[in-house]
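Enquirer: This is the structure I want to talk about, given as structure tokens.
The values are calculated or read from the model by the stated rules, or taken from the named source; none is laboratory data. None of the values given here were measured: they were computed from a predicted structure. Cβ sites come from the backbone with ideal geometry, for glycine too, and all protein chains shown count toward neighbours. Protein only, heavy atoms only, side chains kept; ligands, DNA and RNA dropped before computing areas. Shrake-Rupley method; radii C 1.70, N 1.55, O 1.52, S 1.80 Å.
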Amino acid sequence: MALWSRIRNVFRGDHLNREIDEELESHIQEAIEQGRDPLEARRAFGSALRHREGSRDVKLVVWLESLRADAIFGWRQLGKTKVTSAAAILSLALAIGACMSAFRLIDALLLRPLPVANPERLYDLWRQGIGPDGKPHTFDEWAYPDFQLMRAAVRNQAELIAVSRAEPADLTYKSDQEIEKAYLQYVSGWMFSTLGVRPALGRVFSENDDLRPGGHPYAVISHNYWTHRFGQDRNVVGRTFHMGNELYEIAGVTEAPFTGTEPGTMVDIFVPTMMNPVVIRNDSTWHRTLAIVRPGAALEPIRQKLDATSRSFEEERAKGFLGMSKEDLDQWLNQTVLLEPAATGVSDLQSETRRPLAILGVLVALVLLVACANVANLMTAQASARSREMAVRVSIGGGQGRLVQLVLVQSAWLALLAAAVGGLSAWWSGPFVVSMINPPDNPPRLRLPADWRVLGFGLALALGVTLLFGLVPALRASSVNPVSALKGGEHPHSKRRLMHMLVAVQVAFCFLVLFVAGLFVTTFKRLSYQPTGFSADQVLVLDTVARNPQPMEFWDQAAEHLRSLPGVDTVALADAPLLGGSSWNNFVSVNGGTSNGILSYMRGVSPGWLEAMKIDLKDGRDFRPSDTDPGSALVNETFAKVYFEGADPVGKAFDLATNEGARLRYQIVGLVRDVRYRNLREPILPQFYVPFHSVDASGALGKKARATLLVRTSVAPRSFASVLREEVPRARPEFRVSRIRTQLEINRSHTVRERLLATLALFFAIVALLLAGVGLYGVLHYSVLQRRREIGIRIAVGAQAGGIARLVIADVFSMVLFGSAAGVGLGMMSVRLIESLFYQVKATELQMLAIPALAILAGALLAALRPILHAVRIDPSSMLRAE
């Protein structure tokens, strides 16, 4: 019989039995028709049951039939213990859902290849060296002139592609007041053809679209942007938009699903690299360099060529540095070019979340193990209750493999149902966790498809969970001694030992989760209260832009107009907000000497900026309206320590070098308090502040196309935001506000990762504690039921309630202590792997160890309360009568 027919017969059930019975009856009737006596014919034919079973073995797949029968029996068993089964399914579903959510995030960010041709041959160029702070430093940003030299050097072995970081850009399709934001990326004109990305509409760039600086105002939009912004309007090709003072024409739409090379960011608009205003500057590193290695080319020769070319470029550029010593110059130039695989793309979100996501994966895996140990205890207890049933099955010929299959199939039902519920929770929780990764005003844009990869992981997880919590109980159940079990006897401690061991495993993993959660929560708390050196309360940050650079007096007029509004305390101008993410640095020399190789960081600010940010002026004066850049400067305390050995710097001077090699001299007019410049984790940097008003070489005031207005209000800042957005263009129609934030929101954006880790770790810690508590309760309850006759006898001979309580919890609580000790050891070992994620927290702090221990102790006592009460209330006379 054909295999497919045999498989189909497995699911025909009674219909197949009727067919077999009819066939057997036809043989008997044939014998009768030949003249044989009916009774003799039936006796000669033999056992109908034996023939039916033999015929079934021929007509169907035996092992599949047994599996089907076990599946039906297992489903009925679940129905008999609805409450227990529901608790097990919910416990597993919570853990499986967390695992699937974590996988969706990790897969989307770190594992899923880009939808391009030959992603396995895609690499990202990095540089590794010693940073200005004397510590190892890696970065992947390049100056475009350096990129051009490197591309020419390896043209026959690899194709290099320049791609900037995708960032929000202000653009208008109609009037200047109807401003929109879109994620824009500068890319090499040959990127699309090299990556095999074709147009869905119109055309994509070619190398001819990326030849002359400022000479190619064309744009290609992504399919995703075309869909949600234009509704897939096929007339979009040829439309124009303004960005800055350039008018761009849309040349085409990329095919789906390509949205750029940065996981976590969906690029809306691609423009040629030659349209970047700093493309020809050799001191501006602003783009990544991707390399597509040609088939058969070796990586190391390519890397060596790139390394030599880049070093030559940096040596030439370093000639403009201010009197840098040979030692500092050698340290600066001692950089190594690296080629890192980039099949999954490359983005800041990847590098920032790689380790947090790995830790998230470990935490959910630990929660899953706790849940599996919990259900394994449940299955062990059920196996003990079914020992007589198993004994009967063995007595009538059931083999060990058949019994293992029976219990594993029931475990598989639990796992599959839990995986289904967990999959539904992962469908919701995955996007929710993504929304917590970045600040609300800049959410990550990440595709989380539910495709075969996610389905395959879910099925593999269900299989793994089945084996984790079902295999040991299945083996225990299948190894039953039928004689002993049918007499009602078994080893009094065999089952309890296994369950106690599982309790220890649960407690150890639970302690580890609680321990790590405590470290993350403490890190978030301490980082959140990290002093910044300025007051962020009541400050609104208005990022303001103009189509063309505007005179300084126009900016002053806008600030003066805002000062006149009721509810405004003070207004100041700056090139960017503190902790805003942008940085501006250079090497400084003092008294005409050489630079010490330490980078100093700058901000351009107006008079009144110190007052607006409430930064203390330690000595000297604030800027005056007549101060210009270059000319006057304010320096912080760290700058004074680094360059003047802590002496009063007011009245002294320092020099900067320009890109053209000229020296700019600054006179220090004030000393200000140290403040946080870029982020909350790094040490205080040497900083100096220059006047917002700048002058060119001829002494004429310069112009600016963008600036930040800092407004300190006496009312709730957010309630005042819409008013200020309207008032800025009312003061000067050339200006428009592209973005409004509070300084507090900017500060809090630096703890988003820590807040996410603390929240998720705390959630998983609570789940693990609940699961461990439920598991402990189950073990104690089972222990009391198994020992109720012994407890009744002890009570009858005068045992006190305290003694009974100690009897009930002694063995289990020793496992709790053992598990906690193991958890401490695991925590101390694991914390070394992730200590860089913590801030001013030591794993050996007393509270880091005491909190998990107290939580587990409290949970254990709560779990033990009901079993203890049940034990001390046992009626000894009823137990003895029952025996």
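Enquirer: Give the percent of DSSP beta bridges with both residues in the stretch 171-306 that are antiparallel, rounded to the nearest 5.
Expert: Rounded to the nearest five, the antiparallel share is 60 percent.
Enquirer: Place the peptides 794-800, 161-167, 650-656 in order of packing, highest mean first, counting for every residue the other Cβ atoms within 10 Å and averaging per peptide.
Expert: In descending order of packing, they fall as 161-167, 650-656, 794-800.
Enquirer: Something else: Ignoring ligands and nucleic acids, what accessible area does Ile740 show with a 1.4 Å probe (Å², nearest 10)?
Expert: 20 Å²
Enquirer: Quick one: grab the alpha carbon gyration tensor of the stretch 661-731, order the square roots of its eigenvalues as a ≥ b ≥ c, and give me rounded if a/c is under 1.5, else prolate or oblate depending on whether a/b is larger than b/c.
Expert: Here the stretch 661-731 falls in the oblate category.
Enquirer: Report in % the part of the accessible area of the stretch 68-159 that belongs to carbon and sulfur, leaving out ligands and nucleic acids; probe 1.4 Å.
Expert: On the stretch 68-159, the fraction of accessible area on carbon and sulfur atoms equals 61 percent.
Enquirer: Also, I was wondering about something else. With every protein chain in place, what's the accessible area of Phe818 (1.4 Å probe, Å², nearest 10)?
Expert: Here the residue's solvent-accessible area equals roughly 130 Å².
Enquirer: Could the peptides 616-627, 635-646, 579-590 be put in order, highest first, of the mean number of other beta-carbon atoms found within 10 Å of their residues?
Expert: Top to bottom by mean Cβ count within 10 Å: 635-646, 579-590, 616-627.
Enquirer: Would the stretch 525-618 count as rounded, prolate or oblate if I go by the C-alpha gyration tensor, calling it rounded below 1.5 in a/c and otherwise prolate when a/b exceeds b/c, oblate otherwise?
Expert: The shape class here is oblate.
Enquirer: Can you work out the accessible area per residue across the stretch 613-761, with the rest of the protein chains kept in place, probe 1.4 Å, in square angstrom?
Expert: That works out to 44 Å² for each residue.
Enquirer: While we're here: So how exposed is Glu178, as accessible area in Å² (1.4 Å probe, rounded to 10)?
Expert: Its accessible surface works out to 100 Å², give or take rounding.
Enquirer: Further question: Using per-residue counts of other Cβ atoms within 10 Å, averaged over each peptide, order 500-513, 749-762 from highest down.
Expert: So the peptides 500-513, 749-762, ranked by packing, come out 500-513, 749-762.
Enquirer: Something else now. Using a 1.4 Å probe on the protein heavy atoms, what percent of the accessible area of the stretch 652-798 belongs to carbon and sulfur?
Expert: On the stretch 652-798, the fraction of accessible area on carbon and sulfur atoms equals 56 percent.
Enquirer: For the stretch 686-814, what does the alpha-carbon gyration tensor say about shape, rounded, prolate or oblate, given a ≥ b ≥ c as the root eigenvalues, a/c under 1.5 as rounded, and a/b over b/c as prolate?
Expert: Because a/c hits 1.5 or more and a/b exceeds b/c, the stretch 686-814 counts as prolate.
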